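Taking it in order: structure first as C-alpha cells, then the write-up.
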Amino acid sequence: MLGKIVVVGASAAGCRLALAAHSVGQDVTLVDEHPQAMKDMSFDAPWFYGAGLPSALLNDNSIAQALLEGSPELVECLEAGVDIRVSTILWGAFRNGPNCVNVGRPRVGLVTRDGNEILEHDSLIIATGVRDFVPSFKGWELPGVFGGKAGIALLDLYQVFEGRKVVVLGTSELALRFIRSALSRGVEIVAVIEAGDEVAAGIEAAEWLSQQTIPVHLGHVLQEAKGSVAVTGARCASLDGSSTFDLDCDSIAVAIATLPNIELPAAMGCKMQYDPNVASWVPEINAQGETSLENVFWAANDRAVDALLERINGAEPDAPPGPPPAASISTLDYIKAWISALHQSGDDAVTLCQCESVSRGEFCGIAPPAYLGKELRNQQTPVNQSDSSDAPRINQDFMKRMTRVSMGHCQGKRCRDEAVVALSLRFGCDVEAIRPASYRFPLRPIDLGLIADDDESDEIRLNWQMWPYETRQD
C-alpha cells in the first residue's frame, strides 16, 4: 500500500507514474520546479544554463504557456485532476531515523515564490531525471556557453533560445537531440567537436550529420571560448597538436553527457552504489524500485519506471529492474576521455570552480582559499595513505573544505563531477574509490525567509542570551 504519494519531477516518467497512481485511486501530488524563475536558473540547477539567460524568461505568462505547450504529459495530468505543484522546489525530505525520532509521518518541504509548505505523505517517488555535465575550458564562464539539456529546454520547453550560430561539443545522443531541435528552429550548427575518433552516438548518427552537411571534427577539442563579454568564437585544436583553427559562433553547447540528479536520495541517506554506466553514485533499489529507505522509490530508467508502474497497479515484480542496454562506450569512459583531452589542451590556470574562482592546479595541489593569502608550507597529496582496504583513497569532502571547490552558491552543480574525475586521472585512483562529497538540505539555493519564520517571540527577544543555557539544563 503506497498511501499518499508525492512524485518529484514532472518528466514524461514522472507524469506516467502520477497518472497511473491517480487512475487507481491513490492520493497523488506531482511536484516540479519548472517553470523556473530566472534567479533560480542562474544557479545552473538542474541544468547548466550559463550566464546568458534570455530576458524573455521574465515574461511569466508566456513562459507558463510555453511550458504547457511543450509538456503534453503534464497537460494530461492536469486534465485528469492530479494535484500538480509547478514552479515548486522540493528543498528537503524528513522522516524518522537514528538522529531524528519525532517527525512522525514522512514530510517534504515545498517552497514557491509565495511561501513554504510542509507536506505529509506515505510514499515518495523520485523521478528527478538528469542534469548537465559541463567540464571546464578557457572561457566557459562567458554568456553563450550552456549545457545540452539546458539548450534543449530553452529551445523546446521555454522557447526563448537566442543563439544563431552554435558550436556543439560531443557526439552523444544528447548532442544529436540538441542539434535536431536547434535545426528545427532555424539555428545554424557551425560545427561539432569530438575528442574521440568516432561519433559516439553511432554510425547512423554519423551518416545523419553528414547528410545535414554539418562539419564534424574528430580527434579535436575546444581550446578556448573567445570573447570578452559574451561568446564571439571558438578556438579548436587537434589532439595530436598538429593544428588549431577558429570558428565563428555566438554559442557553445556542451552536450557531452548528463548525470542523474541524486541530491535528494543522497541527502535523505539512501544507500548508494557507484554505476560506471551513468558515471555516478545512484541509490540501490530492489525489484519494486524501492531504495534502502522504506517507501522511497527511485525511477532510475525506463525499466525501473515499469517496475514502479507494476507496483502501483498491485503487482509484485520478483526481479530487480535491470540496467538499460549498454552503450558502446560507458558514460564514465566518455567523460574521462573528454576531461583528459580538455586538460591536455588547456592548462592548470583554467578555472575549475566558477563560484570560488579556483583553478584546476589550485584544486589538485590543495591550495588554500585565496582569501587566506597563504600557501601551503609543504606540498600535500590528497591520497589516503591508510593500509585499510575499506578507507577511500581520496575524500572529496576533505578536498572541498581545503580548497572551497564545490562550496559556492551553485552547490557544486558545475564542478563537483569534473573534480572527481580530475582527481582520478591525476592520482591514479578509480572514481569509485573516491568518497563523494555529501549533499544536504536545502537542495536548492532558496530564500531562507520563505522556509523559516524569522519573527522571534517576545520571550526570545528578551532572554535570547540565556536561551542556550536554559536549553542545556533541560
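The values are calculated or read from the model by the stated rules, or taken from the named source; none is laboratory data. Every value quoted in this text rests on a predicted model; they were computed, and no experiment measured them. Neighbour counts run over all protein chains shown; Cβ positions are idealised from the backbone, glycine included. In case anyone asks, the SASA skips ligands and DNA or RNA and just uses the protein heavy atoms, side chains included. Shrake-Rupley method; radii C 1.70, N 1.55, O 1.52, S 1.80 Å.
Compared with the rule-of-thumb size 2.2 N^0.38 Å for a compact globular protein, segment 170-254 has a Cα radius of gyration ratio of 1.07. Peptide packing for 242-252, 34-44 was compared via the average number of neighbouring C-beta atoms within 10 Å per residue; ordered from the highest value, the list is 34-44, 242-252. Phi-derived couplings, Karplus 6.51 cos²θ - 1.76 cosθ + 1.60 at θ = phi - 60°, listed residue by residue for segment 222-227: 7, 8, 6, 8, 8, x Hz, with x used for Gly and Pro. Between the residues SER136, VAL160, GLY147, the greatest Cα displacement towards the positive end of the dipole of segment 104-163, with unit charges on the Cβ of Lys, Arg, Asp and Glu, is found for SER136. Helices that extend 18 Å or more along their long axis by alpha-carbon positions and average at least 0.0 on the Kyte-Doolittle scale are, among the DSSP H runs of the chain, 331-345. Calculated translational diffusion coefficient of segment 99-225 (25 °C, 0.890 mPa s; Stokes-Einstein with Kirkwood radius over alpha-carbon pairs) equals 140 µm²/s.
The peptide list 345-356, 60-71, 300-311, 145-156, put in order of mean Cβ contacts within 10 Å with the highest first, becomes 145-156, 300-311, 345-356, 60-71. Compute log10 of I(q)/I(0) for segment 64-138 with the Debye formula, placing one identical point scatterer on every Cα and leaving out solvent, at q = 0.12, 0.19 Å⁻¹, to two decimals. Debye curve over Cα of segment 64-138, log10 I(q)/I(0) at q = 0.12, 0.19 Å⁻¹: -0.53, -1.01. Reported value for segment 266-319: 76 Å³ per residue, from the convex hull of its C-alpha atoms. Within straight-line reach of LYS4, meaning a Cα separation under 28 Å, sit the following lysines at least 8 residues removed in sequence or on another chain: LYS271. Across all directions, the average projected area of the convex hull around the alpha carbons of segment 370-452 is 7.5 nm². Packing around the peptides 335-344, 384-393, taken as the average count of other Cβ atoms within 10 Å per residue, puts them in this order, highest first: 335-344, 384-393. Give me the percent of the accessible area of segment 329-423 that comes from carbon and sulfur atoms, probe 1.4 Å, all protein chains in place. The computed percentage sits at 44. Take the Kirkwood radius over Cα pairs of segment 338-398, plug it into Stokes-Einstein at 4 °C and 1.567 mPa s, and you get 96 µm²/s for translational diffusion. Among the listed pairs LYS165/LYS413; LYS138/LYS336; LYS39/LYS400; LYS165/LYS226; LYS138/LYS413, a Cα-Cα separation exceeding 20 Å is found for LYS165/LYS413; LYS39/LYS400. The translational diffusion coefficient of segment 197-330, from Stokes-Einstein at 37 °C and 0.692 mPa s with a Kirkwood hydrodynamic radius over alpha carbon pairs, comes to 176 µm²/s. Computed 3J(HN,Hα) for segment 436-441, one whole-Hz value per residue from the Karplus formula 6.51 cos²θ - 1.76 cosθ + 1.60 where θ = phi - 60°, is x, 5, 7, 10, 8, 7, glycine and proline marked x. Across the accessible surface of segment 218-294, with the other protein chains kept in place and a 1.4 Å probe, carbon and sulfur atoms take up 47 percent.
According to the Cα-based calculation, Rg over Rh for the chain is 0.97, with Rh computed by the Kirkwood formula. Counting only protein heavy atoms and a 1.4 Å probe, the chain has 47 square angstrom of accessible area per residue.
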